[in-house]
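Notes follow the structure.
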Amino acid sequence: MLLTITASFVNLRLHPSQKILAALSTLYLGVAIALFASLFMSWLPQIVVIFLLECLWIEWLERYQHYCHQQGNLSITVSGAVNWQQQKWQINKIKVVTRWFILFRMQHAQEVSWVCVSHDACKDEEYRALAMLCHMARL
C-alpha cells in the first residue's frame, strides 16, 4: 500500500534571491545600454537620454528595495491564507509555478503585493513543499 502525502500548509524563511537580483540588474543594465546606444546613434537627444537614464535608475532602486524587503517567515495554508511579516494576507492568484521561481499575488486589506519566491530564496525542501502546495491549491 502506497502512502499519499498531502500538505495543508507550508512554513518557509525567505531571503533575497541572488539570482533574481542579478536578473533584475541585468535587465535594467540592458535598457541603459540601449539608451546609450541611441545617444551615440543620434536617435534621441542627449537631454532625453539623461532624463530616461535618471528615471531608469530611480525605478531600478525602487524595484531592488521592494524585492529586498520581501523576506522573513512565510506561512501559507492550502486555502490561500498567508501569515507574512506579522500580517494576515490572502493569495488571490498564483501566476507562475516553475522549477526556478513561483510568482503569486497576495492581498491584505487594500494593499496588493506580488511575491516572487525563487528556489535559492529558501531551502530546497521548503521550495518543493511550496510548489506542491501551489499545484494542490489551484488558486
* Structure fact -> For region 82-100, pairs from a residue that is more than 24 Å from Glu125 (Cβ to Cβ) to a residue that is in a loop (DSSP other than H, G, I, E, B), with Cβ under 6 Å and 6 or more apart or across chains, are Gln90/Gly80
* Asked: So, in region 121-136, of the ones that are touching a strand residue (DSSP E or B) at 6+ places or on another chain (Cβ under 7 Å) and over 21 Å from Ile20 (Cα atoms), which residue ends up surrounded by the fewest Cβ atoms within 10 Å (Cβ to Cβ)?
  -> His135
* Asked: Are there any pairs, at least 6 apart or on different chains, whose C-beta atoms fall under 6 Å, with the first in region 107-120 and crowded, with 16+ Cβ neighbours inside 10 Å and the second among the aromatic types (Phe, Trp, Tyr) and part of a strand (DSSP E or B), and if so, which?
  -> Val115/Phe104; Cys116/Phe101; Ser118/Phe101
* **Residues (assigned to a strand (DSSP E or B) and in contact with a Cys (Cβ under 9 Å, 6 or more places away or on another chain)) located in region 59-74** => Leu74
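Collect the residues in region 121-131 that are assigned to a helix (DSSP H, G or I) and touching a residue at least 12 places away in the same chain (Cβ under 8 Å), keeping them in residue-number order. Quick ask: steps written out before the conclusion?
Start the filter on region 121-131 by keeping residues that are assigned to a helix (DSSP H, G or I), which leaves 124-131.
Matches in region 121-131: Glu126, Tyr127, Ala129, Leu130, Ala131.
From the list Leu24, Leu53, Leu103, Leu39, pick out the single residue that is within 15 Å of the chain's Cα centre (by Cα) and not assigned by TED's automatic domain parsing to the domain that holds Leu133. Spell out how you get there, then give the answer.
Values: Leu53 fails: within 15 Å of the chain's Cα centre (by Cα); Leu103 fails: not assigned by TED's automatic domain parsing to the domain that holds Leu133; Leu39 fails: within 15 Å of the chain's Cα centre (by Cα).
Checking each option against the conditions leaves just Leu24.
The values are calculated or read from the model by the stated rules, or taken from the named source; none is laboratory data. Quick caveat: nothing in here was measured; it's all calculated off a predicted structure. Don't worry about glycine lacking a Cβ; one is built from the backbone with ideal geometry, like all the others, and counts go over all protein chains shown.
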